[in-house]
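The values are calculated or read from the model by the stated rules, or taken from the named source; none is laboratory data. As the structure is a prediction and not an experimental result, all values here were calculated from the model. Cβ coordinates were reconstructed from backbone atoms using ideal geometry, including for glycine residues, and neighbour counts include every protein chain displayed. Ligands, DNA and RNA are stripped out before the accessible areas are found, and what is left, the full protein with its side chains, is counted by its heavy atoms. Shrake-Rupley method; radii C 1.70, N 1.55, O 1.52, S 1.80 Å.
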Amino acid sequence: MSKISAFPRVTAPQIVRCKAEGRRIVALTAYDAVFAALEEEAGVDILLVGDSAGNVIAGHSTTLPMTIDAMLFLTRCVSRGTSRVMVVADMPFGSFQVSAEETLRNAFRFLKEGGAQAVKLEGAGYLIPTIERLVQVGIPVMGHLGLTPQKINVFGGYGVKARTAEEADQLFEDALALEKAGCFSIVLEKIPAPLAKRVSQALTIPTIGIGSGVDCDGQILVNYDMLGIFDKFRPKFVRDYLNGAALIRKAVSEWVEDVREGSFPSPEESYDSVAEKIPAKK
Ligand code: KIV
C-alpha cells in the first residue's frame, strides 16, 4: 500500500503564524528550477514567480506583456525545482481584472497546472469581491499595494507611492480591506517606511516589504537584483549580496579566450575512444 505523506510545503496558515510568533518571513522571486532549488536550500520561506520575469527574463521594459501561458511555464519550473517552499504565482496583467469568474478560472490553472500554493494580485478596491471568491474556493491570495508595476501607464513612473497623508490613508484602508477579504499576506512595494510600519502594526496578517523599510513582517527582493545579475538599473532598496553580472561577464570572457586560443578543452576534458583503452593483443 502506498504511503501518502503529509503536506510538505510551507502553507498560508504557517506564514500567518510567523507574524504571531515574531519570525520574519523571507521571500524571493524565482523563475526557473535551478535558481529555485538553490534559494530553497538557502532557507527562504516563499518563492514568488513574479511577473518581474517580464523585465529580468523576457527583456521587456514593463511587466505588462507577460501572459498566463508564460507565467504558467515559469511557475511549473519553480515548482519542479522545489519541495518545501511555498510557491506563489503572480497573476499577470489582464488575467484578474476582467471578472471574478475569469480570475477564478485563471487562478485555478496556477494551482492545478503550475503547482503553486497561492496567487498574488496587484491592487484592492474593485478586486475585494474577487479575492473573497478566490479564498472561498481554496486559493490563498497574497495582496500587493503601493507601487503596483502593472499600473505603470497610469502612474507614469516607478517612484515611491503613498507619500501624501491622503494616499497613505487610502493605502491603509486598502490593506485592512485585503485582510478582511482573506489575504494571507500583503506585499508593500516602495512606500514610506513609517506607513509600512503603521500598516504592519494594524494587521494580523504579515506584510512583506520591498523598498518599504525594516518594520514589515518580512522582505522580498527580485533574485536577479539581489544577486546583482540584472544591472540595468539598481533601486536604492537593493543591497549587493553578489556582483553577479561582473562575475558572469568575467567567467564568460575567460571561456571566450580559452576557446579562441585552443586551450579548451584539454585532454582531461576530452574522451578517449573505447579501442584506445583496450590493450592491443600480442
Ligand atoms: O513581480 C515581482 O517580482 C513582484 C515583487 C517585486 C514583489 O511583484
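When the Cα atoms of segment 88-161 are enclosed in a convex hull and the volume is divided per residue, what value in Å³ results? Display every interim value, and only then the final one.
Details: hull volume 6.3 nm³, N = 74.
Spread over its residues, the Cα hull of segment 88-161 gives 85 Å³ apiece.
Over 25 Å between C-alpha atoms is what I'm after, so list which of Lys19/Lys120; Lys161/Lys236; Lys180/Lys236; Lys120/Lys250 land there.
On the way: Lys19/Lys120 19 Å; Lys161/Lys236 15 Å; Lys180/Lys236 32 Å; Lys120/Lys250 37 Å.
Table pairs above 25 Å Cα-Cα are Lys180/Lys236; Lys120/Lys250.
Per the 1.4 Å probe, what fraction of the accessible area of segment 12-242, in percent, lies on carbon and sulfur atoms? Working shown, then result.
Working: 5730 of 10170 Å².
Carbon-and-sulfur percentage of accessible area, whole number: 56.
Note down the net charge around Asp32, summing +1 for each Lys or Arg and -1 for each Asp or Glu among other residues with Cβ under 11 Å from its Cβ.
Details: positive: Arg76, Arg80; negative: Glu39.
For residues surrounding Asp32, the net value is +1.
Can you check what the Kirkwood hydrodynamic radius comes to for the chain, Cα pairs only, in Å to one decimal?
About 20.5 Å for the chain.
For segment 216-269 and segment 33-78, compute the distance between their C-alpha centroids and round to whole Å.
18 Å
So how far apart, in nm, are the two label points at Arg17 and Glu102 if each is 7 Å from Cα heading toward Cβ?
In this crude spin-label approximation the distance works out to 3.9 nm.
Rounded to the nearest 500, what is the chain's calculated 222 nm mean residue ellipticity when only DSSP H runs of at least 4 contribute -39500 (n - 2.57) each, over all residues?
Details: 12 runs with 115 residues, N = 282.
Theoretical 222 nm ellipticity from helices: -12000 deg cm²/dmol.
What area, in nm² and to one decimal, does the C-alpha convex hull of segment 193-282 cast on average over all directions? Mind showing how you got there, number by number?
Numbers: hull surface 45.8 nm².
If you wrap the Cα atoms of segment 193-282 in a convex hull and average its projections, you get 11.5 nm².
Is segment 59-131 rounded, prolate or oblate when judged by the Cα gyration tensor, a ≥ b ≥ c being the square roots of its eigenvalues, rounded requiring a/c under 1.5 and prolate requiring a/b larger than b/c?
Details: a/c = 1.93, a/b = 1.34, b/c = 1.44.
Cα axes put segment 59-131 in the oblate bin.
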